[in-house]
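Written below as structure tokens is the structure these notes are about.
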Amino acid sequence: MNKKENTLEHTGNIKDHGYLKPQDISRDDYFMDICRVVGEKWTCDRGRSGCVIVKDGNILSTGYVDAAEWSPKCEEVGHQIWHVQDEHTHETEHCMRNWCAELHAIAHAAREWICLYWATLYTKMTPCYIRHCAQLIVASGITRVVCERKYQDAKPSEEVFKHAWIELLYLENWIEKY
Ligand SMILES: [Zn+2]
Ligand SMILES: [Zn+2]
């Protein structure tokens, strides 16, 4: 994969807010724009997602789709595809070399002694269930999750959030399938 070429179609990811005046751009749109730019650092093209964690208007941590620290990256050594079967024998493919953006952002906060209680997490799609992003978000004390759009298999994660009284908001009204 040639990232340089691939990046072309992903530049300009700051959303065009059209006729909105700067002061009319909501706080959620503002941080989602930052989240899109953060996500452009991806090293696995099966992810291409970013994450920004915010409290009281301040960014506490960021993350993007990347391999574990010091491990070789998908860009260099290729993906590590696992086939995962759910309880309905529905099979999906996942690159296990990469970590989700949310995991990197939460891990970074832990390393820096940053408390995530009552924070808001911004990310591209519904945080996943299969790699336990949703569960880890609950465990970390984050209380609000803002996604650009819904992931096709969002239901298990949505239930985890519901049980934990976490506010889940989608800024756009369409479903990401891949
Ligand atoms: Zn990969
Ligand atoms: Zn995930």
Considering only residues of region 110-137 that are under 23 Å from Ala67 (Cα atoms) and of a type in the set (Val, Ile, Thr), which is nearest to the chain's Cα centre (by Cα)? Thr123
Let me confirm something: among Asp16, Asp24, which residue is over 19 Å from Asp56 (Cα atoms), exposed (fewer than 15 other Cβ atoms within 10 Å of the Cβ) and at pLDDT 65 or above? Asp16
Count - residues of region 117-137 that are assigned to a loop (DSSP other than H, G, I, E, B), within 16 Å of ligand 2 (Cβ to nearest atom) and out of contact with any Pro (no Cβ under 8 Å at 6 or more places or on another chain): 6
Could you list all residues from region 152-177 that are out of contact with any Phe, Trp or Tyr (no Cβ under 9 Å at 6 or more places or on another chain) and farther than 18 Å from Thr120 by Cα? Asn173, Trp174
Restricting to region 138-153, name every residue that is free of Cβ contacts under 8 Å to residues at least 40 places away in the same chain and either under 19 Å from Cys95 (Cβ atoms) or within 13 Å of the chain's Cα centre (by Cα) (or both). Val145, Cys147, Arg149, Lys150, Tyr151, Gln152
Which of the following residues is of a type in the set (A, V, I, L, M, F, W, C) and in contact with a His (Cβ under 7 Å, 6 or more places away or on another chain): Cys147, Cys115, Cys95, Cys100? Cys95
In region 75-109, the residues that are over 17 Å from the mean Cα position of the chain (by Cα), away from ligand 1 (no atom under 11 Å from the Cβ) and either surrounded by 11 or more Cβ atoms within 10 Å (Cβ to Cβ) or at pLDDT 95 or above (or both): Val84, Asp86, Thr92
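The values are calculated or read from the model by the stated rules, or taken from the named source; none is laboratory data. All figures in this text were calculated on a predicted structure; none of them were measured in a lab. Counting neighbours? That spans all protein chains shown, and the Cβs are built from the backbone with ideal geometry, glycine included.
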